[in-house]
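Have a look at the structure below before the remarks.
The values are calculated or read from the model by the stated rules, or taken from the named source; none is laboratory data. Since we're looking at a predicted model, the values are computed, not measured. Methodologically, a virtual Cβ is constructed for each residue, glycine included, from the backbone with ideal geometry; neighbour enumeration extends over all protein chains shown. Surface areas here come from the heavy atoms of the whole protein model, side chains and all, with no ligands, DNA or RNA. Shrake-Rupley method; radii C 1.70, N 1.55, O 1.52, S 1.80 Å.
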Amino acid sequence: MFSRRWGFGWDTYSELDLFTDRFDTSSETLSQAIRAAASEEPDADGSVLFGHLQGTVVGLRFYTGVVNQGEMVGLVRQPQNPYDRNAVMVSNIFGNQVGHIKRELAAAMAHVMDNNLAKVEGVVHSGTKNSFTMPVMLSFWGQEENKNAVIESLSRRGFKLNSGASKATGASQNSYNQGQGARAYSSKKGLTIPLTADELKNAFDNLFDGLMESKDGEKQAAESVGTPLLPHQKEALSWMCARENKSALPPFWEKRGELYYNILTCFSAKEIPERIRGGILADDMGLGKTLTTIALILTNFHKGKPLPVEKCGERSSPFKAKTKPDMASKLEGSSAGDEAAGSLSSDLPQVEVMDSEDVAVKSEESTSKGKRKATKRQPCKVLLEDLDFAAALGGSAADLGPKKKKNAKKATPTLSEESFISDSAEDLSARTTLILCPLSVISNWLEQFEQHVQADVKLNVYLYYGPERNRNKTFLSSQDVVITTYNVLSADFGNKSPLHGINWLRVVLDEGHVVRNPNAQISKAVLDLKAQRRWILSGTPIQNSVKDLWMLLAFLRLKPFDVKEWWNRVIQRPVTQGDRVGLQNLQTLVKSITLRRTKSSEINGRPLVSLPEKTVCVEQVELSQTEREEYELARNEGRNTIGRYVAEGTVLRNYADVLAILMRLRQHCCHPDLLAKTSSDLGAAATPAELRERLIEKLRLVLASGSDEECSVCLESVHLPVITHCAHVYCRPCIAQVISSEQEKSRCPLCRSEIKANELVEFPQEKMEEEKCANPDRWRSSSKVQALMGNLLRLRCEDSSIKCLVISQFTRFLTILETPLREQGFTFVRLDGTMSQKKRTQVIQEFQSSAADSPSIMLLSLKAGGVGLNLTAASHVYLMDPAWNPATEEQCIDRCHRLGQTRNIFVTKFIVKDSVEENMVKIQKQKQDLVDKAFGSTNTGRKTSRVDDIKALMEL
DNA sequence: ACCGCCGGGTGCC
DNA sequence: ACCGCCGGGTGCC
């Protein structure tokens, strides 16, 4: 029999057995089979239990598959079975066949399964008494609407489904009853109370928290790592090395006597289950996942030895091309549009016959003309490197080869020989680490390799990207590192992909959470890679739900969860249905393969990353007499209006008005020119023209604010903004769709007022022009501008090398600030949301530069200063106006208060005394975001507090 | 003897 | 193989 040849164990054939028909001789690959099975699989969410049925498994004596008491089994249709086209095969978790479902029952099940009316799951509760048949408890799951059809179909063939209420969902129930080894399961109290939605959400949010314990100590990085690792990075490195080298049991397995037992599925095996060589490094951004990974590549080659690298000094190489062309030019021309281009370039005809000499020549050629080459790519030294490699293993080159299984020499003294996995399981010829990442971080990887690898070490890094990429497998697998994007990988996939033909030493998914949808082409391409070790780097491994985790586990090949059925049965469904044991299991699972530290984590009682000190101070700004008068005027006007709304109880209905009033006051605090020139009162509109004028005014306020106005339909920043008669702002396409999709009257998604397509008001083009050339000749100052300029001038006197961030929510305020900055001879750059990605990168590079003539100030719009920006050149931050949400401010400050910052940080917040700004700061303390409350929930309690907030803001 | 009963052969789908 | 089923041997008690 086909499968027997391979013996017993976690071999890949097991899934093959599960998903391919054993009588089908066509050579379907394992991954194709898994993919096929996965895509057909109905989503487990929303499935309900139809009921249970006791069935019989027959033919046990013909198969090797063994089942323990309480073990879950898989049921697989075999339509091609020559004896019975209704056959249903029974297999254990390994995929080993156990037997068949008895003929009559199989006929009934086949109908249900083939028509996708239900999924059938099996658990063997009681052990078999003989070696020929055994009972199996079958449970039928599916969409509610199919329930009756299933019951009827079964009863037509004489099988009655027991109500689903009494029995539990599967082996998990059984396993905690079994006690021993089931640890936490025996805490029976609370088991029956399902988790509430809130508890569940909370548990998800915290799923990756508190995973920082790593008992592997701090591993010393290889000499070739040029940057000293921080303690937490050493800890991560040793954890990663241990996960790659040590043969600890995978989660949920334990040794019981001579057998290895899975406490979740109750499967047991004589042989040690293959552990996961890899895992998830889920550290927060900025903790150095990239550096740690580079250190791993250099430190942990085969058998715990460092990667054998060539030192430039030792072998004086005439090709030593250590000069670093700048990254921009390297990636030049390789825009996102090129991503698909890989499929266009045909394979080089000589691919297979190339020997190492040819590779060398070839690569040199392409280096000279190809801009996309990694900088360190050198003429290949395949043979020499193999000698190095052999030496690293402690044997001669002749020892290399699959037949030679014996250890030539002891590995590192720190780890005992048996802690490494046996040679037979490890292909020692694999050399290369493949790094997959989104296009946007490729340059980061290249930079980091440049930066963190010892200068005299020659590491072969190849950037597999662009239409002229070298698709030669021999060439690629002789590299130390190959970097490519997910898009290139998926473009190659199924198209003689060289990446899929290589047995990688290691595959690293950077920003691994981007690979989430298992049906996506990218996911399939990723799952199909062959590798000995697999890593996922991600700051946010779960984006939305538990579902996201499956892809990660499947990539890591964490048996048995890489097969979706087992994942669904054991984890996903129990957890989504609020089962506490399921959640515990999920937590255990995640914990066993993940290392996550946050910036606030501590190591040995000390913070993970010790950033320079940050001092925050508030500078009160006194308005001038004229400013004060104008402000009080506007405030009294606003107070009257809002007071009226409060008295009428219509604050929420007029929320846009309220926000507009507040906005105006906030603008008063910054600069008078931020305000509309025509101040419109907020009474009831007398004429349609007046109403229109007023709406345009409100829209102008919203747009001019530069604050994070988002469309409540698409939840993105508003694009082609329009304002409704009820004064809510949306993207035109979004609201147009809302209107057209409603049958009769369409209503505003925010306030439920009736809205009409022809009443949507957009900002008139001529006004737009006016806005742009708003009298630059008549520039005037304001108290806040003066306050800032005073600070900047003083600072320049003290230390002209200091760089500053000047942050405002109002992009127009930034514009206003440009004039005095220029007058005082400051060099500055500006970064706001309107700039293209390319322009941003350029501006950031300029600002970060330490050149003498580099800009000393960056004008930054609050919204543009979101995550990811690295502005460590700055050490002083000026927040010109308070934000509704203090977290946004923090995020902005963190752009410079992050890894790589050497100076102490000084933050100055300008707050106008006796103004709405002061009140905003008070409200900030209740950490709820006012805007969140406005648009987020319909909860009435919250709405009340929103009104309270507004009253507090206006001192009503 | 067109049954019943006994005991050996046999056995998944 | 401690069952069911099949089919041949057998046949008062």
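Could you tell me whether any residue of region A:490-511 is in contact (Cβ under 8 Å) with a residue 60 or more places away in the chain, at positive phi and under 18 Å from the mean Cα position of the chain (by Cα)?
yes
Can you give me the number of residues within region A:103-161 that are farther than 27 Å from A:Val570 by Cβ, away from DNA strand B (no atom under 16 Å from the Cβ) and exposed (fewer than 13 other Cβ atoms within 10 Å of the Cβ)?
The total comes to 5.
Name the single residue, out of those in region A:841-873 being open to solvent by 50 Å² or more (accessible area, probe 1.4 Å) and more than 16 Å from A:Ile802 (Cβ to Cβ), that is farthest from the chain's Cα centre (by Cα). I'd like the intermediate steps shown before the answer.
Step one: list which residues in region A:841-873 are open to solvent by 50 Å² or more (accessible area, probe 1.4 Å), which gives A:841-842, A:845-846, A:848, A:850, A:852-853, A:863, A:867, A:870.
Next, only the ones that are more than 16 Å from A:Ile802 (Cβ to Cβ) stay: A:841-842, A:845-846, A:863, A:867, A:870.
On the way: A:Thr841: 22, A:Gln842: 26, A:Gln845: 26, A:Glu846: 29, A:Lys863: 21, A:Val867: 13, A:Asn870: 19 Å.
Looking at residues that are open to solvent by 50 Å² or more (accessible area, probe 1.4 Å) and more than 16 Å from A:Ile802 (Cβ to Cβ), I get A:Glu846.
For residues in region A:77-114 being within 18 Å of A:Pro135 (Cα to Cα) and of a type in the set (Gly, Ala, Ser), which is nearest to DNA strand C (Cβ to nearest atom)?
A:Gly99
Could you tell me whether A:Pro518 is in contact (Cβ under 8 Å) with a residue 12 or more places away in the chain and not in a loop (DSSP other than H, G, I, E, B)?
no
Which members of region A:58-71 meet the condition of being open to solvent by 70 Å² or more (accessible area, probe 1.4 Å) and within 16 Å of DNA strand B (Cβ to nearest atom)?
Across region A:58-71, the qualifying residues are A:Arg61, A:Phe62, A:Thr64, A:Val66.
Only one of A:Gly55, A:Gly74 is more than 16 Å from DNA strand C (Cβ to nearest atom) and either open to solvent by less than 20 Å² (accessible area, probe 1.4 Å) or closer than 21 Å to A:Leu154 by Cβ (or both). Can you tell me which?
Details: A:Gly55 fails: more than 16 Å from DNA strand C (Cβ to nearest atom).
The match here is A:Gly74.
Would you point out the residue of region A:241-273, among those that are among the hydrophobic types (A, V, I, L, M, F, W, C) and without any contact (Cβ under 8 Å) to a residue 60 or more places away in the chain, that is farthest from A:Ile294 (Cα to Cα)? Can you show your working first?
The first filter runs over region A:241-273 and keeps only residues among the hydrophobic types (A, V, I, L, M, F, W, C), leaving A:241-242, A:248-249, A:252-253, A:259, A:263-264, A:266-267, A:269, A:272.
Okay, now just the ones that are also without any contact (Cβ under 8 Å) to a residue 60 or more places away in the chain, so A:242, A:248-249, A:253, A:259, A:272.
Numbers: A:Ala242: 16, A:Ala248: 24, A:Leu249: 26, A:Trp253: 31, A:Leu259: 38, A:Ile272: 31 Å.
Ranking the qualifying residues of region A:241-273, first place goes to A:Leu259.
If I ask for residues that are among the hydroxyl-bearing types (Ser, Thr, Tyr), open to solvent by less than 10 Å² (accessible area, probe 1.4 Å) and either in the same structural domain as A:His668 (by TED's automatic domain parsing) or assigned to a strand (DSSP E or B) (or both), which ones from region A:874-915 would you list?
If we filter region A:874-915 for residues that are among the hydroxyl-bearing types (Ser, Thr, Tyr), which is where we start, we get A:875, A:878, A:888, A:902, A:908, A:915.
Now drop any that are not open to solvent by less than 10 Å² (accessible area, probe 1.4 Å), which leaves A:875, A:878, A:915.
Listed by number, the residues that qualify are A:Ser875, A:Tyr878.
How many residues does region A:630-651 contain that are open to solvent by 50 Å² or more (accessible area, probe 1.4 Å) and over 14 Å from A:Val912 (Cβ atoms)?
Result for region A:630-651: 9.
Just to be sure before I move on: is A:Phe208 in contact with a strand residue (DSSP E or B) (Cβ under 6 Å, 6 or more places away or on another chain), of a type outside the set (Lys, Arg) and at pLDDT below 80 in the structure I sent? If you could, list the steps in order and put the result at the bottom.
Numbers: in contact with a strand residue (DSSP E or B) (Cβ under 6 Å, 6 or more places away or on another chain): yes; of a type outside the set (Lys, Arg): yes; at pLDDT below 80: yes.
Taking the combined requirement at face value, the residue satisfies it.
Of all residues in region A:95-115, count the ones that are within 12 Å of A:Leu53 (Cβ to Cβ) and assigned to a loop (DSSP other than H, G, I, E, B).
Residues meeting the conditions: 1.
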